[in-house]
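First up is the structure itself, then whatever we jot down about it.
Every read-out reported here was derived from the displayed coordinates using simple, explicitly stated rules and does not represent laboratory data. The structure presented is a predicted model; accordingly, all values stated were derived computationally and were not measured. Using ideal geometry, Cβ is built from the backbone for each residue, glycine included, and neighbour counts are taken over all protein chains shown.
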Amino acid sequence: MEENAAVASPQLEEDVSRGTAAVLASADAHRQQLVRQWSWALVWLLPAVLTIVGIVLTSGGTVEVVSQYEETYVTLVAVWPAGLTLLGVGLLGLMAAAILNVVRVMRR
């Protein structure tokens, strides 16, 4: 009985190492796919959100800031310059993502 176990042991170890390598390769491929999907989501969503926030701030123009010390002061703060900046950054990011996508597809 022990002779059979000794003979089967190297074969069993080889099968286990092959199975472990296959499982590790599969897990690594899954992790890479997940990272790729999240990175593409970030590449498209971040500029889109910046563009939307830029539109909202640009259309708003000013924001009232109320400060109350001994008397109540109302100050108008212009937010449209920040809106224009975010709008520009968002649109440039969307264009860069589109160009990157085209280049990526053309390579294949």
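Assorted remarks:
- Note on Val65/Val89: beta-carbon distance plugged into 1/(1 + (r/R0)^6) with R0 of 22 Å gives a FRET efficiency of 0.35.
- Ordering of 31-42, 61-72, 94-105 by packing is 94-105, 31-42, 61-72, highest average first (other Cβ atoms within 10 Å, averaged per residue).
- Note on Trp44 and Arg31: their simple-model spin labels are 2.6 nm apart, each label 7 Å out from Cα toward Cβ.
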